[in-house]
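The values are calculated or read from the model by the stated rules, or taken from the named source; none is laboratory data. Bear in mind the structure is a predicted one, so any value in this text is a computation, not a measurement. All Cβ positions, glycine included, derive from the backbone under ideal geometry; neighbour counts span all protein chains shown.
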Amino acid sequence: MRIACAASTAFALLLGSSPALAQNVKITSLGTHPGELCANDRAMIFEDPTGVRFLYDAGQSVTGGDDPRLGTIHLVLLSHMHGDHVGDLKLKARGEGTCANSARVPAPNSTTAEIVAAKNSVTVTTRAMAGFVHNKVDAIHGSGAKPMDFCPTLDVTVPVVGACSSRIDMGGVFTARAQGAQRGVEFTIVYSAHVNDVAPALLTKPQQDLLKADGAQLGYGPPVGFVVKFTNGLVAYLSSDTAVFGDMKTVIADYHKANLAVINLGPNPGLFQSGAYAINDLLKPASVIFTHVNEAATQGGKLLPNTQTAALMKQVRAPAHLAISERTMEFDGKGKCVSGC
Ligand SMILES: [Zn+2]
Ligand SMILES: [Zn+2]
C-alpha cells in the first residue's frame, strides 16, 4: 500500500497539473496534534475539484475562527450540539497538551459560529440548529450588523456575500457550486441515531439555571449526519455520532450509494463494537475513514496496537484510513484513496 502510494505521488509530480489528477476530492483533518490521530480530533476539511471547500464539525480541535489551517471555508457543516462538535471549547494551541487530552480553553460563542463569522460561510445544518448559530454569529458581529439569516435559495454560488444558513431539515438537499461550475456539491441531511443536547456553557445564564433546577438538558431537534455528493462522483457519508441503524443500508447505501464512509468512533454510540457490522454488512463502502476515536490512536503517526481503533480496523473489509491531522488524502469518484493514505 505504502509503495503504491509513493509510486502514485511520483507519477503525480511527473504529470504536474494534469486535469485527470485534479478530479480528486481532498480531505484533511484538523486535529489537535499534527501527524497524529488524537482523542479530541473532529474538524475535517473537504475540497471538491471545482474548489468548493467546507468544514465538517468545527469541534474543539481548532483554535477558533482565526485558526491559520482553515484557509477558505465556503460552508460549515454542523451535525449536533454536543460540545465536541459545535465547539464549546477550542484548542489552546496546535500540539498543546497530550494526544489523549489536548489543552483547550472556553469558546463562549462556539467554534462553529466563530468560523462562520470569520469566513462568511454558509452553515449547513437543520433549521433548529441554524437558529443557534444565527444568534451566536450576531453576537460576534455586534449590534448594528445585519442579522444572519437563511440563504435566499437552496442552491447557492460560493463564496456567498454574507454568512447564511441552509433552510433544510431531515432529507433536505442543499447545493453549493463554485462560480462558473456546471455542477455543484450536494449536501443531504440524514438521520443519526444519537441525541442532540446542547453543551450547557453555550446557553444564557438564566437558561442554564432553569435547566439545572429540573436536571434537564436542552435538545435542538434531531442530531444529523450528511451525505455529500461531489462533482467527481464521490459520495461521502459523514456519520457524525451514531449507533448502528437500518438507514445505513436502506438510505445511505442502497439509495444514496455512498462509496466513502467517514465514521465517528467512540464508546458512547457503540461503534467500536458494532462498527464492523455497520461497515461490512450495511454500508459496504469502497473506503472508510476513521475519526472521533476518543483515544490517542497513534504515536509518531503509527496506529497503536492496543487501541480500540486498531481492534476495529482488523475487522473491516474495505480499505480503512485514519484521519491523521494535517495530512491530505485524495479520493477519486469511485471512493478509492489515490494519494496521502
Ligand atoms: Zn455527540
Ligand atoms: Zn462526539
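Some notes on this structure:
- Among residues of the range 157-168 being in contact with a Phe, Trp or Tyr (Cβ under 8 Å, 6 or more places away or on another chain) and outside any loop (DSSP other than H, G, I, E, B), the one that is surrounded by the most Cβ atoms within 10 Å (Cβ to Cβ) is S165.
- Members of the range 219-238 that are on the phi > 0 side of the Ramachandran plot and within 16 Å of ligand 1 (Cβ to nearest atom): G221
- The set of residues in the range 48-61 that are without any contact (Cβ under 8 Å) to a residue 60 or more places away in the chain and under 19 Å from G225 (Cβ atoms) comprises A58, G59.
- Under the condition of being within 15 Å of ligand 1 (Cβ to nearest atom) and closer than 17 Å to F331 by Cβ, the residues counted in the range 239-261 number 1.
- Qualifying residue in the range 82-97 (condition: closer than 30 Å to T307 by Cα and over 21 Å from the mean Cα position of the chain (by Cα)): yes
- Residues of the range 267-283 classified as surrounded by 18 or more Cβ atoms within 10 Å (Cβ to Cβ) and part of a loop (DSSP other than H, G, I, E, B), total: 1
- Check on A145, part of a helix (DSSP H, G or I), surrounded by fewer than 16 Cβ atoms within 10 Å (Cβ to Cβ) and over 19 Å from the mean Cα position of the chain (by Cα): no
- Which numbered condition N268 fails, given (1) of a type in the set (S, T, N, Q); (2) more than 13 Å from ligand 2 (Cβ to nearest atom); (3) over 19 Å from E36 (Cα atoms): (2)
- Test for N280: is it over 15 Å from the mean Cα position of the chain (by Cα), within 27 Å of H33 (Cα to Cα) and either within 16 Å of ligand 1 (Cβ to nearest atom) or at pLDDT 95 or above (or both): no
- Every residue from the range 62-99 that is more than 22 Å from V190 (Cβ to Cβ), within 16 Å of ligand 2 (Cβ to nearest atom) and either in contact (Cβ under 8 Å) with a residue 60 or more places away in the chain or in a loop (DSSP other than H, G, I, E, B) (or both): V62, G83, D88
- Taking each residue of the range 239-257 that is under 21 Å from H82 (Cβ atoms) and touching a residue at least 12 places away in the same chain (Cβ under 8 Å) and looking for partners that are within 16 Å of ligand 2 (Cβ to nearest atom) and β-branched (V, I, T) with beta-carbon atoms closer than 6 Å, six or more apart or interchain, yields S239/I263.
- Residue match in the range 100-121 (condition: within 18 Å of G65 (Cβ to Cβ), more than 16 Å from ligand 2 (Cβ to nearest atom), in contact with a Ser or Thr (Cβ under 8 Å, 6 or more places away or on another chain) and not in a helix (DSSP H, G or I)): no
- Positions within the range 50-59 being in a loop (DSSP other than H, G, I, E, B) and away from ligand 1 (no atom under 12 Å from the Cβ), in sequence order: T50, G51, V52, A58
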